[in-house]
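Presented below is the structure to which this report refers.
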Amino acid sequence: MTFSSPQATTSTDNKKMLFLKSNRWMLTFTFILSAYMLFGHLGGLALISPDEGRNAEVAREMSQSHSWLVPTYDGLTYLDKPAFYFKTVALSFSMFGESEAVARLSSAFFGFSLVVAVFFFCRKMYDLRTAMLAVLIISSTPLYIAFSRIVIFDMTLAFFVSSTIFACFLAEECEGKQRIRWYLIGAVTAGCATLVKGPVGFLIPTLVIAIFNGIDGRFIAMKRVFALRNWLVFFAIVLPWFVGLSLICPDFPYYGIMRESVARFTTTEFHRTAPFYYYAPIIASTFFAWSFLLPESAVVALRNRKDWSRADRLFIVWTIVVVLFFSISQSKLPGYILTAVMALGVLTARIFALALQNNAGREAKILRHGTVALLLLSIIAALLLGSVAVNPDLLKTRLSIKPELIDLFLPTIIPMALSFGLVVILSICALWYRSIKLIFTAFIIFPVLLMTVNFNVLSLYAESRSARSLAKKIPTTLPKDTELVCMECLPNGLPFYRKQLITVLSNAGNELTSNYVIFTLNSGKPWPEGIVPMTQSQNWLATRHHPIYLIADKNHLSILNSIALERNVTVNDLDSKYSAVLLPTPAGN
C-alpha cells in the first residue's frame, strides 16, 4: 500500500483543474468558431440563381398562402421536392421577416445541429478531443460551409440521414428498452429525411447500416432495424403527407416515384450526368485543404484495417457507400455526397487526435506529408495571385472572361494572395517545429480567412449570380396595377425580391427551372394561369386591361423592339443581359 503526500495530492488536483479548464475553454472556442463559420454574414450574400432564388420564393409564397401541403413557385404548383424544407423556411419568414439571412436560417440551423450531433457521437465513441476536432474540421470544409449557408434541401437532408445512421448504430450498443428507443428515434429521423427529399431519405441510411452490419457480421441487427414498430412510426410520419398530396394532385405518385426518383437515378433526362469518377475531383476541391491528407491516410488505413474500431468502420463504410451510390447514379451534384464529406471529417479528426497523442507515430507522418503538399500549393497560389495583382492584364489576356468582371474581382486578389502567404508561413513553421497544433492551424486558417477578410470574394460572386441587382433596376414609379411579365425568361429570385408573382411567356416552361411544371405542361391539359404559350403572347398582350412591364433577355431583344415599335414606346436596358419596356393599357381596354 502506498500513500500520497499532501503536496503530491494538491499537485495532481491542480493539474486536473487546469486540464478541465483548458478543455472548457477549447470546447467554447470550438462551438463559437463553428457557429461563426455557419451563421456569420448569413445575410451578406445575394440569393444565388437558380436554387436559392427559386427555393426562397417557394417558401415566401407558402408563408403568404399558408398552403403547407402543396408548394407553389411563381403561383404554379411545384412538386419537385416535398414541402417539409419549404415549411421550415416559411416558418422562419413568418417569425423573423423576409430576407436573405432568414431564408438561409434553416440550412444554417440544421448544419450546426449536425455538427452538435457529430460532437456527441464522437465524444461517446472516441473521446472529447476527437469530438472537438471533428466539429472544427467539418465546419471548415468548403462543401459543408456552402450547404449550411444556401437556401437548399441538402443540409436538412444530411442532418436527418446522419441522425438515422447514428441512431441505428447506437441502438446496437445498447440492449432492452434503450435499444428500442434508439431505433424508434431512427425511424422518426428516417421519416423526416423522406419528407425532405423523398425515397433517398431512407435509402441512404438503410444501405449504410445494412452494409455496415453485414461487414460486422450482425445480420440479426437488420431484423431489429425493420421491426414492425419502426415501420409503423416511419409510415405514421410519411403517409399523411403522401396520401394527402396524392389526393390533391393525383399525378404526384407517378411523378414523385417514377420521374423524380427512378428516372433521376437511371436516366440522363435531367441533364446532370457526369463520369463515374466525378466525385473524386469534387472531394479533392470541396474537402480542401483536408483532402491533402486523404490519399496516404487511405493507404495506411487499408494496411492497418485490423486496428479499426467499430465506429471507424461505420464512417469508412458510410463514405464509400454514399460516394459509390451517387457515382452509379445518372444524376450527379456535389451536394449529394454531403454526408460522405462529413464522415471524412470525422476520420480526419481521428488522424489529428492520434497524432497529438504520439508526435512520432504514423498519423503524425501523414500530417507532415500532407502539410508539404499544402505548402507547395499555397506557394504556387500566392505567387500566381501576386503576379495578377501586380499585372492584371495577365488575367485578361489568358482567360475568356469579360474584362469588367475581372475588374470587379481585382480588389479581392491581394487579400487572397496574402491569405495563401499566411498558410505558407504556418506550414513552414509547423514542419520546422514538428508541431501537430501548428499543422492543424495551417489547414484550418484558409477557410477561416475566406469567411472573414476574403468574404468579399463570395459576396461579389453571389451578386453576379443573383437577380437582386436586376430587381433594384426595375422602376419603383410603375403604376400600382402594372403586371410584371417575362418573355422566355424568369431570373430566379426576381419574384422574391419584387414580392410579387410574375407572368411568364414561354414555349415549354423551362424558364421556371421546375421539372414538375414542364411535366404538367406536357400532359396535354390547359396551361395554368401565370404562364402563357409564346404562340399566344401577342393576343394575350392585346387583351390586358392594365399596364405591362415586359422583360426580355438579349436573345429576344429583337422581339421586344418590335413590340415597342408597334406600341410606340421605348426599350430600356436594365443590365448587360436584360431589357424591358413599359406597355400602357391598349386604347379601348
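Values in this text are rule-based calculations from the coordinates and carry no lab data. None of the values given here were measured: they were computed from a predicted structure. As a convention, Cβ positions derive from the backbone with ideal geometry for all residues, glycine included, and neighbour counts pool all protein chains shown.
Nearest-5 percent of antiparallel DSSP beta bridges in the chain?
Roughly 50 percent of the DSSP beta bridges within the chain come out antiparallel.
Between K223 and E566, what FRET efficiency follows from the Cβ-Cβ distance if R0 is 56 Å, with the result rounded to 0.05?
After rounding, the FRET efficiency stands at 0.15.
Using Cβ counts within 10 Å as a stand-in for footprinting exposure, how do L490, L384 rank, fewest first?
Details: L490 28, L384 15.
Listing L490, L384 from fewest to most nearby Cβ atoms yields L384, L490.
Could you work out how far helix 84-96 tilts from the main Cα principal axis of the chain, as a 0 to 90 degree angle to the nearest 10?
Computed tilt is about 80 degrees.
Return the sequence-ordered ³J(HN,Hα) values of the stretch 496-508 in whole Hz as given by the Karplus equation 6.51 cos²θ - 1.76 cosθ + 1.60 applied to θ = phi - 60°, using x for Gly and Pro.
Listing the rounded values in order: 5, 6, 7, 6, 7, 7, 10, 6, 10, 8, 8, 8, 9 Hz.
Quick check: the angle from helix 455-464's long axis to the longest principal axis of the chain, C-alpha only, nearest 10 degrees?
Approximately 30 degrees, to the nearest 10.
With Cβ to Cβ distances under 14 Å as the rule, what net charge do the other residues near K365 carry (K, R +1; D, E -1)?
Working: positive: R303, R362, R368, R434; negative: E296, E363.
With Lys, Arg at +1 and Asp, Glu at -1, the neighbours total +2.
Neighbour counts of other C-beta atoms within 10 Å: give me E296, E566, E511 arranged from fewest to most.
E566, E296, E511
Do the sum for the chain: with -39,500 (n - 2.57) for every DSSP H run of n ≥ 4, divided by all residues, what is the mean residue ellipticity at 222 nm, to the nearest 500 deg cm²/dmol?
For the chain, the value works out to -20500 deg cm²/dmol.
Run the numbers on the stretch 514-589 and let me know its relative contact order in percent, using alpha-carbon pairs under 8 Å that are six or more apart.
Contact order relative to length: 32 percent.
Take the alpha carbon gyration tensor of the stretch 456-573, find the square roots of its eigenvalues, order them as a ≥ b ≥ c, and report rounded if a/c is under 1.5; if not, report prolate when a/b exceeds b/c, else oblate.
The shape class here is oblate.
For the ranges 492-502, 352-362, 519-529, what's the packing order if you count other beta-carbon atoms within 10 Å of each residue, average per peptide, and put the highest first?
The peptides rank, most packed first, as 492-502, 352-362, 519-529.
Test of understanding: ordering C192, C168 by Cβ neighbours within 10 Å, fewest first, what list do you get? Display every interim value, and only then the final one.
Values: C192 21, C168 29.
Fewest to most other Cβ atoms nearby, the residues stand as C192, C168.
So what are the ³J(HN,Hα) numbers for the stretch 527-544, from phi and the Karplus equation (6.51, -1.76, 1.60; θ = phi - 60°), rounded to whole Hz, Gly and Pro as x?
Running phi through 6.51 cos²θ - 1.76 cosθ + 1.60 with θ = phi - 60° gives 5, x, 5, x, 9, 10, x, 4, 5, 9, 5, 5, 5, 5, 4, 6, 9, 5 Hz.
Name the long-range amide H neighbours of V532: under 5 Å, sequence gap of 5 or more, or other chain; modelled H, no Pro or chain starts.
Distant-sequence amide H within range of V532: V504, L505, S506.
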